[in-house]
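Taking it in order: structure first as structure tokens, then the write-up.
Where a number appears in this text, it was derived from the coordinates with a stated rule and is not lab data. Note that this is a predicted model, so its numbers are computed, not measured. Quick reminder, even Gly has a Cβ in these numbers, built from the backbone with ideal geometry, and neighbours come from all protein chains shown.
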Amino acid sequence: MSVSVGIDLGTTFSAVAYIDPQTKLPQIVPNSEGRKLTPSVIQFLDGELIFGSEAQESYNAGEDDCVATFKREMGSDRPYCFVDGKAYTSEELSSLLLRHLKEDAEASLGDTIKEAVITVPAYFYSREREATIRAAEAAGLRVKKIIDEPNAAAMAYGLNHWRENASIMVYDLGGGTFDVTLVHMGKNGELSTITTRGNHKLGGRDWDARMEDILIAKFENETGLSIRDDHELVSIVNGMSEGVKKQLSAQNMLAAKASVSFPGYGNAVVTVTRKEFEDSTADLLDRTGALCLAVLDEAGLAIGDVTDVLLVGGSTRMPQVPAYLQKMFGKKPLSHVNPDEAVALGAAIQSSKDNESYATLAVRVVDGKKTTDRSKTGLNSHLSVKAEKKLNSLGLLSLRETTAHAMGVIAINDEENRYYNEIIIPANHPRPVRAAKRFRFYTSNKANNELAIYVLQGDSENPLDCQITYKYVVTGIKHKTGTVIKIQYSYDVNGVIHIQARQDDDTVDLPIRRENVPADISVFGQPVKSENKDQGFNVGLQLGVINTQSVVHKYKPITFSNVEWVKYDNVSDHPNGDEFDEPKVHIIANEENIEFHGYNISEMNEGVKYTISPFDDFEIECDINTSTISPHPGGYLEISLGLISAQLTENGGDILMDGVSVATVDPCFHLKMSLTKGGQYEVEIDGKTVGSKFKASTNDVDVRFGFVHGSHYCHLLSHAYVTDISMMQAVAGETDDDDSPDTEPWDD
Ligand code: ADP
Ligand code: MG
């Protein structure tokens, strides 16, 4: 037999729990010292690893061979510490600790551990979650699931105190992190998290630091020594700060004494009152309070809608915490769970359960911003809270977690002058969840067709205010005209992000490589530069950066800028027999404008041509001014898009559809021509649709704009066409509906 466990891998303390086979209830597994909590501290003593209270004591005594609080840097590649010249990352240190927890628990249970549910702060980003999984696997643990600490605590609470329709605010203040999560108790034991916020650089350690400041000031006052400038003296005071803080938590302890023997001075004793400590830390509590309000705001609830506040985390033992929350919420917070144990117990409950299946994306737009559509949660329906009951079986309890951070990608706005965060999956969305998007992608035959995707976590519109979590590069895109790339974004059960891509109707994923996010990302805070666009043409990777247009879900008109003019290819055909390198007539064409400039017009034919495959949708929009033809009588602008055609002189002319005039235009007008997916052609002039028609054939379609003069008729346009409209120049995507996935997600 082997067992499944739940592990609370804390910043300061860790705990392991399992489901007792007799009682079928979660229970803490004591460590080899018989204690329920194991300090998250490692001592490297002469090549040997020491854990438990011995390591903790050495750490408190300021021994420099001890490491602690490494969870704060989880997911970072930077070494957290160096021991005997060897660098250790937080992930590696966590792995050492997890291996110890595993072996200790196995010894205590007399059984092997098969798999584990491990808890992390709700606020952990994808990279930190992945690092946690890797650390566990390196420690020989199979990870069944990663769950969020507040949700685990809510599970442990809900098991014995189920109240249907209750909204519980879980306030988790640990050693290094703060999380606040609103959970809802639904029907049938369904616990769902609604919104979550946190600060993973705020916790008991910050209160310790304030206590250290108070003590140093008092000892300096008392002794006249300059303690602050002396590393050794500071570390003595540092080691005792947490203890003094805890003393002040005891009931009726309104003041605590601290005594230190300073080298060269002797014993000094000072007193810190609870009031002094509370005054000097009030701002820290206010920071937690602000996050509580933010969570309510996001859920669309008022303070009065909170059924109860549940205290989790060792730091909620400080009396000012419940006092503060009581003032804020007008009710005494619950302390029904042991704040140190609830998280591990909840993880153990989860370890006995199957993982959830993928939820469908539910998004709505509020004030122009994508948010999670929570209309089906029953949260705001103000159903009355039912009487409390004990769920007498773990089987009656289930958990649906939400994503703490929105997931987005760096995209270029419609005006193509600025990068922004295009949110794909909003924050506080139930997970696991997938969304798949289609993008039309114009490949090049000159470069590797690669598409870079910068994945963001965060709500801000400015990419630099979000965490750039990953850079993915989709590779192996086959060159073809107007292909469709489908990109699937997922948050898995663990809150880890995955990106997949497929081309057209392929059923296998395109290869994707992950690259380091560039160290200098300031470019995303700057206006989009046109040379960035050009670079993209040659550098596959850059294409994606710039061409994140491909992941903007806006239909983009074709751009005729950077047109590559092909020289008149047969000079002997030229009416004057002159050789020339530069076209004498220029058509300056870009997405807004087509203009005609030139002289010696009879010498030249110029134009742009693009072939599109029969089932592509396509749209061209431009302002046309043919009055500039006037110095060259007899010349005209030839336009064609399959069924749509026109020959316009300096006076304008007729726009034809399948040979029949649908409009007569002046020299200046705004033209939009489109071919939509079902094969429907449309002409729009100055914003009004003037004609539409279905095409009959399934042949490729040529799009051409060209200047024709005299005997040089339209067929010569083929001498002057765009050889390659790269993906840079032509990007189209999802048509109009921005808010729903436009293609079916697929399974892994
Ligand atoms: P984590 O989950 O981050 O490991 P815990 O929930 O175990 O943290 O809480 C540890 C924190 O709680 C530490 O900062 C510790 O100082 C603080 N703490 C524990 N007991 C008390 C107490 N009686 N009074 C004040 N703080 C406490
Ligand atoms: Mg904790």
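Assorted remarks:
- Sorted by Cβ density within 10 Å, fewest first, the residues Cys466, Cys668: Cys668, Cys466
- From least to most packed, judged by other beta carbons within 10 angstrom and beginning with the fewest, Ser226, Ser490, Ser460 follow the order Ser226, Ser460, Ser490.
- Net charge over other residues, Cβ less than 14 angstrom from the Cβ of Tyr324 (K, R count +1; D, E count -1): +2
- Greater than 23 Å apart at Cα, pairs in Lys218/Lys245; Lys102/Lys246; Lys71/Lys370: Lys102/Lys246; Lys71/Lys370
- Distant-in-sequence amide H partners of Leu399 (H built 1.01 Å from N, under 5 Å): Leu191
- The mean sequence distance of close C-alpha pairs (under 8 Å, at least 6 residues apart), as a share of the length of region 162-335, puts its relative contact order at 26 percent.
- Sequence of His200, His405 once ranked by neighbouring C-beta atoms within 10 Å, starting from the fewest: His200, His405
- What you get for region 162-335, charging only the Cβ of Lys and Arg (+1) and of Asp and Glu (-1), is a dipole of about 540 debye around the Cα centre.
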